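Below: one structure, written as C-alpha cells.
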Amino acid sequence: MNGIGSGPMLAEDLTTDKVKTRPKAKNPVKICDTTFRDAHQSTLATRMRTEDMEWIAPEMHKCRFHSMEVWGGATFDAAHRFLGEDPWDRPRRLKKLLPDTLLKMLLRGQNLVGYRNYPDDLVDAFVKQAAEVGIDIFRVFDAVNDERNHERAAKAIKKAGKHYEAAICYSLTQPRMGGPVYNLEYYIKKALIFQDMGADSICIKDQAGLISPYDAYILIKALKDNLKVPVSLHTHYTSGQASMSILKAIEAGVDIIDVALSPFALRTSEPPVEPFVVALYGTDRDTGLDIEQLFKCGQMLEQIAPKYRDFLDTSAMSIIDAGVLVHQIPGGMTTNLVAQLKQANALDKLDEVRAEIARARAELGYPPLVTPTSQIIGVQAVQNVLAGRYKMITQETKDYCYGLYGRPPAPIDKEIQKIVLKDYKRGKKPINCRPADMLEPELEKAKQESKEFARNIEDVLTYALFPITGSRFLKYKYGIDKTIPDDWKPPHAPKTLEEVREEDELIAKAKAGEVVAKLEKAVPERGPGVRTFNVFIENEYYKVDVEAVGKPPANPAPSPTSPSTTEARAKAKEKKIPPAAVAEGTEVPAPMPGMIIRYLVNLGDRVKAGDPLLILEAMKMQNNIPAPVDGVVKAINFEPGDSVSANDILAVIG
C-alpha cells in the first residue's frame, strides 16, 4: 500500500485478544472527534444538549482521542437561542469530565462565533475567556481565506498559551482542484503564510465535502513536503468521497483526521471513526484506539438520539448528496436552507435556490461556502429567488461587497458591486485595508448597555455578539424576564425522550387503527341559566360561559359584562393571532420568517419607495425591508425582538 508501511504486528496476526494489547504504531494517525460539535451541527441543526454530552463524556474520555471538537461554530448561537443554555458553561463542564483530552473549538477569525467582523477588543476578550473555560486548541478560519482576519485572534491565542491551528477553507471553481483560483499553488502559498504567522498546525477545512481522493493525496503530500508543522484534514461525507479522501490523505502522511462516532457520522457530517480504526490495523499508521470502547460510546449516543430525530433531514432517500459536486453547498448550509425554505413554505424552490447560489457566488468573487459567507450567499440567493435578483439586499451582502469581510479569492463583479453599494451608508468605494481597522472598540459600550442583566465578562460577550437573543437569554437566566421563549420549545428545541415515546405510541395506535377521529357535536342553544366566569391561566385571561345540564335554576344570574372584560379578552385574542393591517394602505409583508431587529421609521413618517422601513433578521442575516411605495407610515405592527412568519404584515404605507 503506497505511503503506509507495516506496523509492529501484521493485521493477519491480530486475534481478538491481541487487538486490545497490540503495540503502538510508529506514526499513528491522530484522531480529532467531532461528535460534540460539527457532527450534530451538520446533521441535527446544532441541537445537542450539554446534559447529553455530559452523560457520554466519561466514556468518551476513555477513547483516548488526540482531541475533541466541542465548541465554536454555531454551538454558541444555538445554545442560547434554541436550547436556553449558557454557551460558556459547555466547555467548562466538559473540561471537568475530559481532563486529559485536548478540547478544540472552531473560531471564525475576526467573526469569532458570530456573523460579522468584531473589533479587536472583543476578539481579545473572547479568546482569553475561551481559554479560561477550557479550550486548548483554537482552529481559526476566515471565510475568504484572508490571512489579515487571522492576525488578532492568532496573537490572542498565543498570548493565552494555547494552540493556534490555522484552517484553510477548501473550495473549487471546477469539478477538481485546479483552475484560476483554487489550485495547488493557492493552498501551498496560504499554508506557508499561516506558518510564518506562528500557526502550530495547518488544517485543510473541506466544509462541503468537495475534496476527491487523488486531490487529497496530492495536496496533503505537497503540504507535508513544504511545511514544518503538522497537517490535519477536515472533510464532510456530503458527496460520498470523504472516507476515500481521508484514506488517501493518510497515505500521503496527514497527521490528524476529523471523524465522528458513527450514529452522528455520514450524511452531511464527518466520516465515521470506527472503520478507520480497523482499516489501519497492522500498519504504521494504526490509530491505537479501542474499537469496543468506540462502539460502547456509539451505543450510548443511540440511546439519546431519538430526541433529535426531528432535526434530521429525511427529504431524500440517499445519505449522500451527489449534487454537492455541482452546487458545492456544505452540509450545515444545506440543513439551514431546507429548514428556512420549509418555514417560508417554499421548499419546492430548493433546486432553484441552489442554482442561484452558484450564480451569486461567482458574482461575489467565489468565496468558499463556509460561515458566514455561506449565510451571506445563501440568504442573498433565497431573496433573489423569492423577491427578484438583488431587489432585497442584506446588510451583510453590502458589508461584504464593501470589503468588511476581507479580500475575496477573486474580484467581485463590478456591476453587481455597484448595485449592492448604491445606497450603502459607508460609501460606494470599497476598502482595501484590514477590515477590523475600520471598526471602533465595542467592549466598554457593551458593558454599559448590558449592565442591567450582565453579571460578568462572559455575559457581556454574549450580549456583544448577539444583542437580541443574548439579552433575552440573560434576562431569563437572572430572573428579570421569566417568560420562556417559544424558540426554546419544540419544534425549535429537542423533545424529551418521554415526549418521543408518547409520540411513538400514538403513531403505533394510528397505524393499528386505534385512533378514532373526534366526532363533531352540535352546539346546543344557550339557555336562561348561562353564567359567565373569568378564568385566569398564568398571564392569559379568558371569559367562559357555563350552563348546568338539566333543569335551570329558578332565578338565573345575569351574565356580567364590563368594558374591562371585553378588553382583556381582546388582548388575549390579540396575543394568539399575528397582527394584520390596522390601517388602509399598502401592506408590507414579511418576505420570510425571522425576527424584528428594529424599525427604522416611526408612525407618520413620510417615505419613498425603496427607503428602508425596518431590519428583519432571517437565516441569521440582517435584511433591510424597503417601502414598496411612496407614502406615510400608517401602521407598525411589531416590536423589536418579535418573531414573525412569512407574510405577516410588518407595516402599512398609506
Any residue at all in segment 167-190 that's in contact with a Gly (Cβ under 7 Å, 6 or more places away or on another chain) and either assigned to a loop (DSSP other than H, G, I, E, B) or of a type in the set (S, T, N, Q) (or both)? yes
Might you check whether a residue that is in contact with a helix residue (DSSP H, G or I) (Cβ under 6 Å, 6 or more places away or on another chain) and loosely packed, with under 15 Cβ neighbours inside 10 Å occurs anywhere in segment 464-480? no
Within segment 129-182, residues being on the phi > 0 side of the Ramachandran plot and either among the charged types (D, E, K, R) or surrounded by fewer than 22 Cβ atoms within 10 Å (Cβ to Cβ) (or both) number 4
Might you let me know whether segment 187-207 holds any residue that is among the hydroxyl-bearing types (Ser, Thr, Tyr) and under 24 Å from the mean Cα position of the chain (by Cα)? no
Condition check: at pLDDT below 95, under 20 Å from Asp52 (Cβ atoms) and either open to solvent by 30 Å² or more (accessible area, probe 1.4 Å) or among the small types (Gly, Ala, Ser) (or both). Does Gly323 satisfy that? no
Tell me which helices (runs of 4 or more DSSP H) are completely within segment 318-415 and hold 2 or more residues being in contact (Cβ under 8 Å) with a residue 40 or more places away in the chain and closer than 24 Å to Gly240 by Cα, or say none if there are none. 324-327, 331-343, 373-387
Being at pLDDT below 95, open to solvent by 80 Å² or more (accessible area, probe 1.4 Å), among the polar types (S, T, N, Q) and not in a helix (DSSP H, G or I), is that true of even one residue in segment 432-440? yes
So if I check each of Phe264, Phe311, which one is within 15 Å of Ser42 (Cα to Cα) and surrounded by 22 or more Cβ atoms within 10 Å (Cβ to Cβ)? Phe264
Criterion: among the charged types (D, E, K, R), open to solvent by 30 Å² or more (accessible area, probe 1.4 Å) and closer than 26 Å to Phe311 by Cβ - qualifying residue of Asp77, Asp124, Asp89, Asp100: Asp89
Within segment 575-582, identify whether any single residue is at pLDDT below 85, in a helix (DSSP H, G or I) and open to solvent by 40 Å² or more (accessible area, probe 1.4 Å), and answer yes or no. yes
Tally time: how many residues in segment 11-39 are out of contact with any strand residue (DSSP E or B) (no Cβ under 9 Å at 6 or more places or on another chain), more than 20 Å from Pro230 (Cβ to Cβ) and in contact (Cβ under 8 Å) with a residue 60 or more places away in the chain? 6
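The values are calculated or read from the model by the stated rules, or taken from the named source; none is laboratory data. This is a predicted model, so every value here is computed, not measured. No Cβ is skipped: glycine too gets one built from the backbone with ideal geometry, and neighbour counts run over all protein chains shown. Heavy atoms of the whole protein, side chains included, go into the accessibility calculation; ligands, DNA and RNA do not. Shrake-Rupley method; radii C 1.70, N 1.55, O 1.52, S 1.80 Å.
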